[in-house]
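What follows is calculated from the coordinates using simple rules that are stated; it is not laboratory data. Given the structure is predicted, the values throughout are model-derived calculations rather than measurements. Here the Cβ is made from the backbone with ideal geometry for all residues, glycine too, and neighbour counts use every protein chain on show.
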Amino acid sequence: MSHQRISRASLRVSVFGLGGVLAVLLSGFPVPAQALQVEGPAEEAAAITVQISAFQAAVAEAAAEDPALSAYYRARDYAPLWTGAADAERRRAFFSALSRARDHALPMARYDLDGLMAAFRDVRSERDRGALEVRVSRTFLRYARDLHAGVLRPADIHPTIKRAAPELDVASVMARLDGQSPAAVLRSVMPTAPEYNRLLRARHLLEQQIARAAGGCIREPS
């Protein structure tokens, strides 16, 4: 099919839902983000009208490069998880968990918590909000992956190390956020081996010794 301008005309597709319409929006057609008439197969007589918002289009665009994240938002019709009016508690819980990244020997600068919080204050449009929505999800997944398998990959330390880092099940982790707090989801991906908890305790004791030797001052890792 050659590219052609589709203005406020009816768009006939065989798939119901916003995901199908946004797929067309992102395919290269110059379709304005306005109401489109979407009709199902002939036996589904009723046509439905959906409003493609600037927020939804921005979420679809920002998540497009990450297949798992794109599939997650497509399945929920690009509804917000972090940036909606009802998401404040979830957002606060995640930011609180993220502020304790250092407890797991993870560098705070890697997640830019201050930048994320500032970005919420700087939102000026629905497109800004949509881009920020995906940014928070990417940060959540980065933190979850780091908790799950660490920042360093074995082969990055030395090419002769053949041990593969465990992979995070992105679809499962994101799906659980709808019914669980971010802190609970993050706890569920942490290593369960007793050696991990022993390492954390040993690190805490070492930090206490360093703090006493340095007069209570510990340098934040970056």
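Let me make sure I get this right: for region 105-152, a, b and c are the square roots of the gyration tensor eigenvalues over alpha carbons, sorted descending. Under 1.5 in a/c it's rounded, otherwise prolate if a/b > b/c, else oblate. Which is it? Verdict is oblate for region 105-152.
Applying both filters, DSSP loop and at most 14 other Cβ atoms within 10 Å, to the trypsin sites (Lys or Arg not before Pro) of region 63-117 gives ARG100. Note on region 68-150: Cα-Cα pairs beyond 16 Å make up 53% of the total pair count.
Qualifying GluC sites (Glu not before Pro) in region 49-109, where qualification requires a DSSP coil assignment and no more than 11 other C-beta atoms within 10 Å, comprise GLU65.
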